[in-house]
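Bear in mind these aren't lab numbers, they're just calculated from the coordinates by the rules spelled out. None of these values were measured; they are calculated from a predicted model. Don't worry about glycine lacking a Cβ; one is built from the backbone with ideal geometry, like all the others, and counts go over all protein chains shown.
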Amino acid sequence: MKRFLTFKWILTLILIAITGYLYSRDGVITTSVVATALIFGLPLALAAMVGIMCERTGIVNIGIEGTLLFSSFIGFFVASTTNNGVFGIFSAILAGVVTGLFLAFMSISWKMDQIIAGTIINILATGLTSFLYKQGHTAPTTSPIDIPFFSNIPFFGQVLFMNGPLVYFGLVVIFALYVALYHTSWGLRSRAVGEHPGSADTAGVSVFRLRYLNVALAGAVGGLAGAYLSLELVGSWDRGFTAGKGFTALALMIFGRWNPMGALAAAMFFGLAQAITNQLMFADVAHIPEQFVNMLPYVLTIVVLAISAGKVRPPAAEGQQYEKEQA
Amino acid sequence: MLLQGAHPMDAYGSLFSHGFGSWAGFAKTLGKATPLMLSGLAVTIGLRSGLFNIGVQGQLVSGALAAGWAGYAIHGLPIYIHLPIALLFGIAFGALVGWIAGALKAYRGIHEVITTIMINSIVLALVDYLAGHNFQEPGQTLARTSAVLPSATIPKIFGLPSGFFFAVLLSWGVWWIFQRTTSGFRLDTVGRNKNAAWYAGISVKRSVLIAMGVGGAIAGLGGAIETLGVIGRFEPTFNTGLGFDGITIALLGRANPLGVIPGAILIGGIRGASASMQFDAGVAPEIVDLILALILFCVTAPFLSKWLRSTEVGAKITSGWSN
Amino acid sequence: MSALLEITNVTKTFPGVVANENISISVSAGEIVALLGENGAGKSTLVKSVFGMVRPDSGEIRIKGELISPGDTSGAIARGVGMVHQHFQLVPVMTVTENIILGDEPKRGIFLNMKAARAEVLALSEKYGLEVDPDAFVEDLAVGTQQRIEILKALRKDVDLLILDEPTAVLTPQETDELLQVMRNLAASGVGVLFITHKLREVMAVADRVVVLRNGRVAGSTSPKETDEEGLAQLMVGRNVVLQVEKGDAKPEAATLVIRELHVNDDRKHLAVSGLNLEVRAGEIVGVAGVEGNGQRELVEAICGMRPRISGEVLVSGEATPDMHPHKVHSMGVSHIPEDREKHGLVSSYSIEDNLVLNQFDREPFAKSWIRNIGALEDNATRLVEEFDIRTPSIKTTASALSGGNKQKVVVARELSQDTRVVVAAQPTRGVDVGSIEFIHNQLIAARDAGAAVLLVSAELDEILSLADRVAVMFGGKIVAILDAKEAERGLVGRLMAGLSA
C-alpha cells in the first residue's frame, strides 16, 4: 500500500513536470489539450462511477453501455421535442434510473445471472434507440459557463472554469461519491454489503433495499453521463454513438481499484491520450488513419486491464445472489 | 408497430410469408440462419465452459475477411483445393481472435466479457481499414475487396445454400462431443465447477483456451461461409449484429448445441424478412433488433423460463473481474 | 414474571427438510438456556428465526411480550436481541471499529464520526473485558479474536437477550472457559442467554436449563442438576448412545503415508503447519485431534496437493507426491474425502453417475481414447449406489437433489471404491445424518481392514476416539503427541489439544 502511494505521487509529479514544460513551450496548445482531456475523460469517469456504485454493493453491471446509450438518446429526444435542454437533462437522468431499476429488478429480484441481465440491457437499449431514432433532429445544447475570477487564472482557468454546466456537475458528483463512500454510513454499509452481505444483514441493514437504491442511483449517474454526451459534449445523437464507453468504464473502474478517485485518474489518462491523438491529427503532425485513432481507447483498455488484473481485489460478494435463508 | 401506424398483422404476415412461405424465401432464411447458427454455436461452447463469449462478432468478421482474401487473392487452384483453403483461412483467423481473448483470461485473468467487446471494436476498425486500403478492390471507392473467384465459391444444393447443412452437421458434432467425449466432459466440468475441475485434474486454463479458440474457429467459419457462399466478397458492413444474435440463439437453445438449430432458423427468418416487412407494412427494419432483444429478455426472464434456469446452463458466468 | 423470549409452536420447512416442527421454548431474564442437539437438529434455524434471518412458516415469537414480525432483523435488534453467529458475520477488509459500528454508526452531521466510534469500541472492550485492537483489519486477526469482535458487536446495544450460535467450535478450551465466564457475568446482570452447542461439557458447566432438539423437534427439556452427560447424549440421539464403533484390532504394516518436516501457510500467508512429522501405516486409522484452526485443514490440503507446501515432503509408499497437483496425488493411490464437498468433491449439476467418476472419467473402463463409455459409467453407478446405500431415485439424478448425507456417500463411494493405498478423510461426517455417519464410519474401517492407511481429521473428538487406532494431537501446526487408542483418554487428549503438557 505504501509503495503504491509513493508510486502514485511520483507519477503525479512527473505528469505535472511534463505539463509545466510543455506549457512553457506552447501555452495555448498545452492548455487546450488538457482541457480537451477533461471533457473527453469526464463521461468515462462518470460511467466508471456507475460501475463502482453497483459493484461496491456486489452487483456487476455490464449494462452501463446500454444506460449511456438509452439515456443519451432520451435526453436528446426530449430536449429536441420540447426544445428545452433542462428537460432533456432531467429525462436522461430519469432514463438512467429506469435502466438501473431494470437491472436491479432482473439481478436482485429475479436472481438472474448479472452478466446476462446487463447484456439484455445493452441489447434492448441498442434495439430500442435505433428503432426510435429519426435522422435530422437538433436539440438545444448547454453552453459553457465561465466562472468569474477563476476563469482568468492562466491554464487552470481554461481547463477547469470555462466548461459546460454538466462538467461542473459531473465533477461535483464524483467528488461527492468519493466522500460519501468512505465517510458516511451509506458508504460504510454499501461497502459491507459488497464484501459480505451477511455482515450487514445481521446488523439490521437491508441488503435488498440498499442494493436497489445503489443500482438506481448509479443509473442516475449514468443518465448524467448520457446527458453530458448528447447534450453537451457532442450535441447530437446517432446510432451506437456511445462506442463502447460503458465497457471501457469497467476497465477504468478495475484499474482505479473500485475507488472513485482512482477511476477518475484513469479516465483522465484516457481522455489525455485521445486529446493528444486529436491534436496530432489536427496539427497534421502524423498521418494516422481514422480507424486506428478510433481503436486507441479499446487497445488502451486491454493494456490497462492486462496491467492491473490479478493484482486487484474486487468486492468479495460481487456477482453473488444474497440468500437470506439458508438451512 | 402501432406507433408507426402500420398494422401489426400485416407485418407479421409479411414476416411469415417472406421467411417461410416460398422456396426462395425458405432458401433465404436458411442462408441467413447459417452464420447465425454458427455464431450461436460459438457462444454455446463458451457458455458450457463457463465463459460468456461476446466476441463472436469480431471472430466472425476476421474469419470473413481472411476467407474473402484467400478467395480472390489465391489463383489457379481447382475448387476442391481452393475452397477448403479459403475456409481454413476463415477458421484460422476466427480461432486466433478468439484465442487472444482466451489467453488474456487464462494468463492475465481478465474477464472475457470486457476483452471480447474491446477486441470486437478493434477488429471491426482493422478490417474496415484493410478492406479500404491494402485489400481494397482496385478502382473501388467503397471499402470492399474484390469478388471471390468461382473456385472458392460455395456451390448451392437445389438452390439451398449448402453451408446450412454443414452448420447443422457441425452443431450435431459439437453436441456429440459434449455428450460422449472426455474433451467435452472436461469443458463441461470447468463450466460447472472450476474448483472441482482443478481437483479432478482438468486444466482450467487449457479449457479456457480451447473453448475460446474453438468458438472463434466456428465463428470464423460462419464468416467464411457467408463471404464465400452468400455475399461473394468481403464488405465490412455485411453482418452487423450477427454476434449478438448468436447470444440470443445460444440462450434460446438453452446452451445445448442442438438447440441452436431451431433458434437460428427462427431468427434467420425474422432477419431475412425484415427488409420485406418494411416494404409491405411500412415498419422500420430496426424493429427487428427490438423484437430480438425482447425475445432474449423473455427466454431469460424467470416467469417464462423456469426451464431455462433448470437446464444445462449449469455454468455460472458472473464472477469477479480478475480470477 | 413473564418470559423474555417466548417461542410458541414454530415450524419451518426447507425444500425436502422439516427444520423445525412445533417448537416452543422460553428464556427468562438472567437465565442461561442451552439449546443442545446434533448437527442438523434445527438449532440454528430456530435462533435465526428469532433474529429475523429466517421466516418461520407458522408459530409466534415474542420478545418481552411483543410479537415480532418474521424476517425483521432490525426489529429484533431494536427489541434488544443480540446474536453471535456461527459463521462470523464480519467484513474481512474492514477494521474492527468499522465492523462493530456497522448498522448503527455514530455520526457528526451526515458524516461518520470515527473518533467517537473508536472510543466506543475501546469502552465496550473494557467493559466486558474482551480485548481488541480497534484499528486492526479483521482479516489479519486470529479466529478467537474475531469471535470476540462478534460478541462485542452483539453486546454493543444493551441487549436483553443474547443468542450464541455454536460459539465454542473454534475456541481453545481456555478461550471457551473465558467465554463461559462472560456468559455467567451477563446472566448475573440480567441478560437472558440462549446458547447453542453440541458439547455436553459446556452445557453441564453453564446452563440453567437445557432444551434438547432432535430432528427439528423438542426431544426433552431438563437441567444440569437433574441429569448427567450420559442422559443428555441419550436425549440428543434418541437411543442409547453407542459411541463405540464395532471394529476389530488393527494389523498395521509398513508406513504408507509419511510426512516429513512439512511447512504450510494458511490463506492469510501465516504459517499454519510448522514442521509436522507423521506416519500412517497400512492397515491403521490415525485420527488427528485438535481444536479447529490449528492447521488441520492446511495439513490435509497440503497432503492432497491442493495447497502449496513451503517445505517438507509427503511420501506415499516411499514415493514423493507432487505439490499442487491433486489429480496426480490421487492417481498415486491417495483417496480424499474433502472437507468442502460442494466446492471440491462434487459438481452439483452433474448426475450421480458422472460424479462417481469425476476424477477418473478419462481412465479405462470409463473412456477409451477420448470416447466416454456410457455403459461402464452406468454399471459403475448402479453398483456403487447399491453398495454404498446412496438413497436416490436414479443414477441420472443430479447431485444437488440429494440430502447432505447422501451427497457425502457419493464422495465416499467414489473415493473408497478405487484402488487406494491412503485415505485422507477430512470431517467426513460433518452435516451428515446419524444413519449415514454410522455407514461412513464402517466404510472407513473396511478400508483400513483392506490394507489402506487412513488419516482421519475431525473436529469431533468422539469420532476420533471411537475410530482411531492411534490418536495424533495437533496443536499450533505440529503434532504434539501420538497416543495409542488405549491410552487416549478424553481428559488427556483435551489437555494436549489445549497445548498443555500431559
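GluC sites (Glu not before Pro) within segment C:92-148: which are DSSP loop residues with at most 16 other Cβ atoms inside 10 Å?
Filter output for segment C:92-148: C:Glu131.
Let a ≥ b ≥ c be the square roots of the eigenvalues of the Cα gyration tensor of segment A:76-177; is it rounded (a/c under 1.5), or, if not, prolate (a/b larger than b/c) or oblate?
Details: a/c = 3.10, a/b = 1.63, b/c = 1.90.
In terms of gyration-tensor shape, oblate.
Can you give the FRET efficiency for C:Asp379 and B:Trp23, using 1/(1 + (r/R0)^6), R0 = 51 Å, r = Cβ-Cβ distance, to the nearest 0.05?
That pair, C:Asp379 with B:Trp23, gives E of 0.50.
Can you work out the FRET efficiency for the pair A:Asn152 and A:Asp238, with r the C-beta to C-beta distance and R0 = 41 Å, to the nearest 0.05? Kindly include the intermediate steps, with their values, before the conclusion.
Numbers: r = 37 Å, r/R0 = 0.90.
About 0.65, to the nearest 0.05.
Would you mind calculating the gained length between C:Ser189 and C:Ala142 on full extension (0.36 nm times residue separation, minus the Cα-Cα distance), in nm to one decimal? Don't skip to the answer; put the middle values down first.
On the way: separation 47, 0.36 × 47 = 16.92 nm, distance 2.90 nm.
The span from C:Ser189 to C:Ala142 would gain 14.0 nm if fully extended.
When a/c is below 1.5 the answer is rounded, else prolate if a/b is larger than b/c, else oblate, so apply that to segment B:123-184 with a ≥ b ≥ c taken from the square roots of the Cα gyration tensor eigenvalues.
It comes out oblate by the Cα gyration axes.
Given a Förster radius of 60 Å and the C-beta distance between A:Ala176 and C:Thr13 as r, what FRET efficiency does 1/(1 + (r/R0)^6) yield to the nearest 0.05?
Calculated transfer efficiency: 0.80.
Roughly what would the spin-label model give for A:Val299 and C:Gln234, points 7 Å off Cα along C-beta, in nm?
The answer from the label model is 8.2 nm.
With 10 angstrom as the radius, rank B:Ile114, B:Ile270 by how many other C-beta atoms surround their C-beta, starting from the fewest.
B:Ile270, B:Ile114
How large are Rg and Dmax for the protein assembly as shown when calculated on the C-alpha trace, in angstrom?
In Å, with Rg to one decimal and Dmax whole: 32.9, 104.
Straight-line reach from C:Lys247: which aspartates and glutamates have a Cα under 14 Å away, not including same-chain ones fewer than 8 places off?
Excluding near neighbours in sequence, the set is C:Glu284, C:Glu438, C:Asp449, C:Glu463, C:Asp469.
With springs connecting C-alpha atoms under 10 Å apart, model chain A as a Gaussian network and identify which of A:Ala306, A:Ala200, A:Ala317 has the largest mean-square fluctuation.
Largest GNM mean-square fluctuation: A:Ala306.
Given N residues in segment A:150-212, what is Rg(Cα) / (2.2 N^0.38 Å)?
1.69
Return B:Val230, C:Val385, C:Val47 ranked ascending by Cβ neighbour count within 10 Å, so the fewest neighbours appear first.
Values: B:Val230 18, C:Val385 22, C:Val47 25.
Ordered by Cβ neighbours within 10 Å, fewest first: B:Val230, C:Val385, C:Val47.
Divide, for segment A:192-281, the radius of gyration over alpha carbons by 2.2 N^0.38 Å, where N is the residue count.
Expressed relative to 2.2 N^0.38 Å, the Cα Rg reads 1.41.
With θ set to phi - 60°, apply the Karplus curve 6.51 cos²θ - 1.76 cosθ + 1.60 along segment C:280-289 and write out the HN-Hα couplings as whole Hz, x wherever there is a Gly or Pro.
In residue order, the calculated couplings are 10, 8, 4, x, 9, 10, 9, x, 9, 9 Hz.
How far apart, in nanometres, would the label points at A:Tyr168 and A:Glu323 be if each is projected 7 angstrom from Cα along the Cα-to-Cβ direction?
5.2
So between C:Asp135 and C:Leu315, what do we pick up on full extension, going 0.36 nm a residue minus the alpha carbon distance?
Roughly 60.4 nm would be gained on extension.
Cut-off 20 Å, label point 7 angstrom out along Cα-to-Cβ of C:Asp462: give me the residues of segment C:286-307 whose amide nitrogen falls inside.
Residues passing the 20 Å test: C:287-292.
If each of C:Lys269 and C:Glu226 carries a label point 7 Å out from its Cα toward its Cβ, how far apart are those two points in nm?
With each label point 7 Å from Cα toward Cβ, the separation is 5.6 nm.
For segment C:340-395 and segment A:234-284, compute the distance between their C-alpha centroids and round to whole Å.
About 51 Å separates the Cα centre of segment C:340-395 from the one of segment A:234-284.
Take C:Val316, C:Val493 and order them by how many other Cβ atoms sit within 10 Å, fewest up front.
C:Val316, C:Val493
So what are chain C's ellipsoid semi-axes, whole angstrom, largest first, if each one is the square root of 5 times an eigenvalue of the alpha-carbon gyration tensor?
41, 27, 24
How many percent of the alpha carbon pairs in chain A exceed a separation of 35 Å?
Beyond 35 Å sits 21 percent of the P(r) for chain A.
Express in nm, to one decimal, how much length is gained between C:Arg421 and C:Glu253 on full extension, taking 0.36 nm for each residue of separation and deducting their alpha carbon distance.
59.3 nm
Name the chymotrypsin sites (Phe, Trp or Tyr not before Pro) in segment B:94-183 that are in a loop by DSSP and that have at most 10 other C-beta atoms within 10 Å, would you?
Passing both the DSSP loop test and the Cβ count: B:Phe158.
By what distance, in whole Å, do the Cα atoms of segment A:237-283 stretch along each of the three principal axes, largest value first?
35, 27, 13
Lys and Arg at +1, Asp and Glu at -1: add these up for the other residues within a Cβ distance under 10 Å of B:Phe185 and post the number.
0
Which chymotrypsin sites (Phe, Trp or Tyr not before Pro) in segment C:322-427 sit in a loop by DSSP (not H, G, I, E or B) and have at most 15 other Cβ atoms within 10 Å of their own Cβ? Working shown, then result.
On the way: sites: C:Tyr350, C:Phe361, C:Phe366, C:Trp370, C:Phe388; in loops: C:Tyr350, C:Phe361, C:Phe366, C:Trp370, C:Phe388.
Hits after loop and neighbour filter: C:Trp370.
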